[in-house]
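S.K.: Supplied in structure tokens, the structure appears directly below.
Values in this text are rule-based calculations from the coordinates and carry no lab data. Please read all numbers here as calculations on a predicted model, not as lab measurements. Please note: Cβ atoms are built from the backbone with ideal geometry, for glycine as well, and neighbour counts cover all protein chains shown.
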Amino acid sequence: MRRTTLLALGLLALAAAPAIPGEKGPETGLDLPRYVSLKASKANVRRGPSLSHRVDWEFLRRGMPLQVTAEFGHWRRIRDMDDATGWVHYSLLSGHRTAIILGSLVALHDDPAEESRVNAYVEQNVVVDLEACEATWCEVDADGYSGWLPKEEIWGVDPEDVFD
């Protein structure tokens, strides 16, 4: 019985190892690390990947961008913008990409260029939907206002992320 316990702990330790860029998740085959968003308006973040692990805190904001750094069964280890980590059940996460505004007041431009017309401003900590990202700019939707902003103004994308 003791040997089984040690084996289970060893597997858990492997699942909790930091993701290596380009690595694939053992459960989904998707890239690790990767960004997702919180599907639920409330989610428990646990110390380990099971219901028997203690709840360390709760997320109370639907759409919050998170980074998946490990997979273990139906559980995903996540990291938030403050570098806090924990385990969340996969059913509480969505593949829909969101980001959170870092700057105090960020301009949304018509085009991915500083000299393009500004059509709105977005305040710090607003969660936006990611529509596309180029080398240094991302197109976002913020409660019906669309536009482009520099990548360094948001959390939820890596510098090398390019998609449409």
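S.K.: Name the single residue, out of those in the stretch 81-120 being out of contact with any Phe, Trp or Tyr (no Cβ under 9 Å at 6 or more places or on another chain) and part of a strand (DSSP E or B), that is nearest to Ala40 (Cα to Cα).
M.R.: Step by step, filter the stretch 81-120, then rank; the result is Leu93.
S.K.: A further question follows. Looking at Glu153, Glu114, which is the one that is of a type in the set (Asp, Glu) and touching a residue at least 40 places away in the same chain (Cβ under 8 Å)? Give the derivation first.
M.R.: Numbers: Glu114 fails: touching a residue at least 40 places away in the same chain (Cβ under 8 Å).
Residue meeting the stated conditions: Glu153.
S.K.: With the requirement that a residue be part of a loop (DSSP other than H, G, I, E, B) and under 24 Å from Gly29 (Cα atoms), what does the stretch 41-80 give you?
M.R.: Our first condition is that a residue be part of a loop (DSSP other than H, G, I, E, B); within the stretch 41-80, this holds for 41-42, 47-54, 60-64, 73-74, 80.
Hits for the stretch 41-80 are Arg47, Gly48, Pro49, Ser50, Leu51, Gly63, Met64, Gly73, His74, Asp80.
S.K.: Please verify whether the stretch 41-56 includes one or more residues that are surrounded by 18 or more Cβ atoms within 10 Å (Cβ to Cβ) and within 23 Å of Trp137 (Cα to Cα).
M.R.: First, pick out the residues of the stretch 41-56 that are surrounded by 18 or more Cβ atoms within 10 Å (Cβ to Cβ): 43-46, 49.
Next, only the ones that are within 23 Å of Trp137 (Cα to Cα) stay: none.
Looking through the stretch 41-56, none of the residues is surrounded by 18 or more Cβ atoms within 10 Å (Cβ to Cβ) and within 23 Å of Trp137 (Cα to Cα).
S.K.: Specify the residue that is surrounded by the most Cβ atoms within 10 Å (Cβ to Cβ); the eligible residues are those in the stretch 83-97 that are under 15 Å from Pro33 (Cα atoms) and polar (S, T, N, Q).
M.R.: Looking at residues that are under 15 Å from Pro33 (Cα atoms) and polar (S, T, N, Q), I get Thr85.
S.K.: Something else now. Of everything in the stretch 132-160, what is of a type in the set (Gly, Ala, Ser), under 18 Å from the mean Cα position of the chain (by Cα) and buried (at least 17 other Cβ atoms within 10 Å of the Cβ)? Give them in sequence order. Let's see the steps before the verdict.
M.R.: Here is the first cut: in the stretch 132-160, the residues of a type in the set (Gly, Ala, Ser) are 132, 135, 142, 144, 146-147, 156.
When the remaining residues are screened for being under 18 Å from the mean Cα position of the chain (by Cα), the result is 132, 142, 156.
Passing the criteria: Ala142, Gly156.
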